[in-house]
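Pasting a structure below so you can have a look.
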Amino acid sequence: MNEQYLNVFLEEAKEHILSLNQDLLELEASPEGYVVDEIFRSAHTLKGMSGTMGFNKISQITHEMENLLQEIRSGNMTITPEIIDTLLEATDVLESFVNTIAETGEEGKQDIKSILNKLKRSDLTYISNEQNDTQLQEHHGFNEYEGRLINQALEKQLYVWKIIIKLQKECLLKSARAFLVFKTLENFGDIIKTEPPVQDIEDEKFDSEFTLFIVTSENRENIKVALESISELESIVIEPVNKVEGDEKKQINRETKTDDNSSNSQHFNKTMKMTKTIRVDINRLDKLMNLVSELIIIKTRLEGLNQDSDIQKKREALEYLERITSSLHDAVMKVRMVPIENVFNRFPRVVHDLSRDLSKDISLTIEGAETELDRTIIDEIGDPLIHLIRNAADHGIESPEERIQNGKPEKGNIKLKAYHDGNNVVIEVGDDGKGIDVEKIKEKALQNGLLDQSKQTNLKQSELLSFLFEPGFSTKGQVTGVSGRGVGLDVVKTKIESLGGNIEIKTAKNVGTTFTIKLPLTLAIIQALMVMVGDEKYAIPLDAIKETVIISVSDIKKVQHNEVILLRGNVIPIVRLYNVLDIEKTSSDLESLTLVIVRKGDRDVGLAVDNLIGQQEIVIKSLGDYLKNIKFIAGATILGDGKVALILDTNALI
């Protein structure tokens, strides 16, 4: 199988599965006709794609999903929680197949009889809607929903075209030709009805003619030109469809809320204004980023040249080069930046399933989904956020009965929020649950030997909460399928710190808990302070630095054998980098000490260095797999003179 086509299939299949999850949850919350159409369209497209690629199991499942959805669309079936659960389960099976294909290139041997039987089951509730349908038979056989949809489109100054396609007699693959017609028309708008039904057209249960009804903003001529490019079409007839006159009383009774009209209108607007996007291979972007890296290295090298002749020209050249590199850097970063909604969109389904598993009523609120973050960070942040959401649902949100007793709404809420803060992105995962029991953490820390009995009274709340990030630490007495093993938050912390970020906790009893994650916008190019430790140059990321100070050695105090200084009323421990990094000390100055004060959460630490060189824009280079686990080192950068400087991992030093 051609790998190029397989990659395209996997990308599009993942998008359709994400759409299925979102639309099914929306359908469960508010059963609207257009949502059913969206679900049907995703299943239909996935069916066509998988059939073309030879993935028959996916094709069979989506075919049965179509049959079930068609019954709902035609008004023969009511939407029940059982139907939603069955369709969600089918979507999970599809996702597992797509993941297997991504790993092995094949569907695998997973049995699909169970899910097919659930989709085919005969005990689903059907309703009779014959009376309403007969009201509109005289208008191309439109049912009540289709008639209302057409009227709303016409009110919005959209066109509704009836398109009659007649195939040539010698056309051998009628369904394939019809598929091309469908794909062409879907670029212009929404196909709301076909005669005969879509399934009959796919199964070639028609002679040589079929009819489609499309809602679009395009005029007749543009559509006809596009269709005429398809071969083996004998004739194309495009006619306007006028307002459908049905039984107004019945329509009013069915429309229980005026918001329904606005929802459908918004759906049309969304369809017509959909922006075109293009996928860019991340490897190509990485090559482009490497070119930017080389430009920045050259710029740094030019700055280091002797200024003994043509000083003005060199200065102008440097300024020009700096403008170019900055512009190129910004342009590349914008291409690499993707909205965090690509991650957030997974979580409504996660919360929906957790609500069922834990027998709790939980809603999810998402803010700032449009916030952009570097693609490399987007790919890594999903798993830590899932851990935090599962913790919020299991540990934080109380049972409905407990919430009512505490005077809270029965439904708990998990809030996911993202926003920019300078050169960082902040992600907050909060809940309105019972909060974290700090006393229970203290007990568990004493029990696990993490805390001295003598020190327990002097600890701040933030210091006690930091124990939650210790491996194997859990305050949950009973292990469940969701949590309790103590393997969640330490993984979260490790992953976030590996991305150059940090995590903090704020909690209040019976009010809730919020985890705040702070991440750099990008992992490629950063501002850093260059320092000397012994004969070696090191880079400290500027985002982590609070200030730099020079202190007198006589101001250094000892607390439990550790060096500290008192700076503006705060006790700050000192870390001598030449000891930590095992570097021979060369400085002979015994009277003063240069400190770089770095911050992690609400803790400050002074890193003792020999000399400050200055601020510089650096390009982060990975140390590779062999050296990636070196403690205290986050990466390396190439300096203007071609030498390599290591970048310090301040999170590991604190």
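For segment 323-417, which trypsin sites (Lys or Arg not before Pro) are both in a DSSP coil and crowded by at most 16 other Cβ atoms within 10 Å? Each step should come with its number before you reach the end.
Values: sites: R323, K334, R336, R346, R349, R356, K360, R375, R390, R403, K411, K415, K417; in loops: R346, K360, K411.
Within segment 323-417, the qualifying trypsin sites (Lys or Arg not before Pro) (loop, at most 16 other Cβ atoms within 10 Å) are R346, K411.
Same structure, new question: Quickly work out the H420-to-S622 label distance, labels modelled 7 Å from Cα along the C-beta direction, and quote it in nm with one decimal.
2.7
Treat the count of other C-beta atoms within 10 Å as a stand-in for reagent exposure and order Y578, Y419, Y145, Y626 from fewest to most.
On the way: Y578 17, Y419 13, Y145 23, Y626 7.
Ranking Y578, Y419, Y145, Y626 by Cβ neighbours within 10 Å, fewest first, gives Y626, Y419, Y578, Y145.
Also, quick follow-up: Tell me which GluC sites (Glu not before Pro) from segment 336-435 have a DSSP coil assignment and no more than 15 other beta carbons within 10 Å of their own.
Values: sites: E341, E367, E370, E372, E380, E398, E401, E402, E410, E428; in loops: E370, E398, E410.
Sparse-neighbourhood loop GluC sites (Glu not before Pro): E370, E410.
For G635, what residues show an amide H to amide H distance below 5 Å, using hydrogens built from the backbone and excluding near sequence neighbours?
Amide H to amide H, under 5 Å and 5 or more residues apart or across chains, G635 pairs with I647.
With θ taken as phi - 60° and the coefficients 6.51, -1.76 and 1.60, list the Karplus ³J(HN,Hα) couplings across segment 505-510 in order, rounded to whole Hz; mark glycine and proline as x.
Couplings: 10, 10, 8, 9, 4, 6 Hz.
For N342 and N56, what does the FRET efficiency come to when R0 = 30 Å and r is the distance between their Cβ atoms, rounded to the nearest 0.05?
Working: r = 30 Å, r/R0 = 0.99.
Step by step, r from the Cβ atoms, then E = 0.50.
Each residue of segment 59-67 in order: what ³J(HN,Hα) in whole Hz does its phi give by Karplus 6.51 cos²θ - 1.76 cosθ + 1.60, θ = phi - 60°, with x for Gly and Pro?
4, 5, 5, 5, 5, 5, 4, 4, 4
Related question: If I model a spin label at V549 and E463 as a point 7 Å from the Cα along the Cα→Cβ vector, what separation in nanometres do I get?
1.9
So if we plug the beta-carbon distance of I164 and N7 into 1/(1 + (r/R0)^6) with R0 = 35 Å, what FRET efficiency do we get, rounded to 0.05?
Details: r = 38 Å, r/R0 = 1.08.
It comes out at approximately 0.40.
Which FRET efficiency, nearest 0.05, do S96 and D379 yield, Cβ-Cβ r, R0 25 Å?
Working: r = 20 Å, r/R0 = 0.81.
Given R0 = 25 Å and the Cβ-Cβ separation, E is 0.80.
To make sure I understand, if each residue's beta carbon is the centre and we count other beta carbons within 10 Å, what order do L173, L227 fall in, fewest to most? Walk me through the numbers on the way to the answer.
Details: L173 12, L227 18.
Ascending Cβ contact count within 10 Å gives the list L173, L227.
Could you list the trypsin sites (Lys or Arg not before Pro) in segment 490-566 that lie in coil according to DSSP, counting only those with at most 14 other Cβ atoms within 10 Å of their Cβ? Walk me through the intermediate numbers first.
Working: sites: K493, K495, K506, K509, K518, K537, K546, K557, K558; in loops: K509.
Counting only loop positions with at most 14 other Cβ atoms within 10 Å, the trypsin sites (Lys or Arg not before Pro) in segment 490-566 are K509.
Taking a cut-off of 21 Å between Cα atoms, list the lysines near K537, but don't count ones fewer than 8 places away on the same chain.
Of all the lysines, those that pass the test against K537 - Cα under 21 Å, at least 8 places apart if same chain - are K299, K546, K585, K621, K628, K631, K643.
Project the alpha carbons of segment 1-127 onto their principal axes and report the range along each, largest first, in whole Å.
Projected onto its principal axes, the Cα set of segment 1-127 covers 46, 27, 20 Å.
Hey, another quick one. Run the simple label-point estimate for E204 and L302 please: 7 Å along Cα→C-beta, distance reported in nm.
It is 6.6 nm.
Something else: Quick check: residue separation of L567 and K643 times 0.36 nm, minus the Cα distance between them. What number comes out in nm?
Working: separation 76, 0.36 × 76 = 27.36 nm, distance 3.55 nm.
Between L567 and K643, full extension yields 23.8 nm more.
Moving on. Give the shape of segment 340-520 as rounded, prolate or oblate, defined through the alpha-carbon gyration tensor: a ≥ b ≥ c are the square roots of its eigenvalues, a/c under 1.5 means rounded, and otherwise the shape is prolate if a/b is larger than b/c and oblate if not.
Working: a/c = 1.74, a/b = 1.15, b/c = 1.52.
Oblate.
Given the pairs K415/K506; K440/K509; K493/K600; K14/K415, which span a C-alpha to C-alpha distance of over 22 angstrom in this model? The partial results should precede the final answer.
Working: K415/K506 14 Å; K440/K509 13 Å; K493/K600 12 Å; K14/K415 25 Å.
Cα-Cα > 22 Å for K14/K415; rest within.
Read-outs throughout are calculated quantities, based only on the coordinates presented, and are distinct from any laboratory measurement. This structure is a prediction, so every number in the text was calculated from the model and none was measured. All Cβ positions, glycine included, derive from the backbone under ideal geometry; neighbour counts span all protein chains shown.
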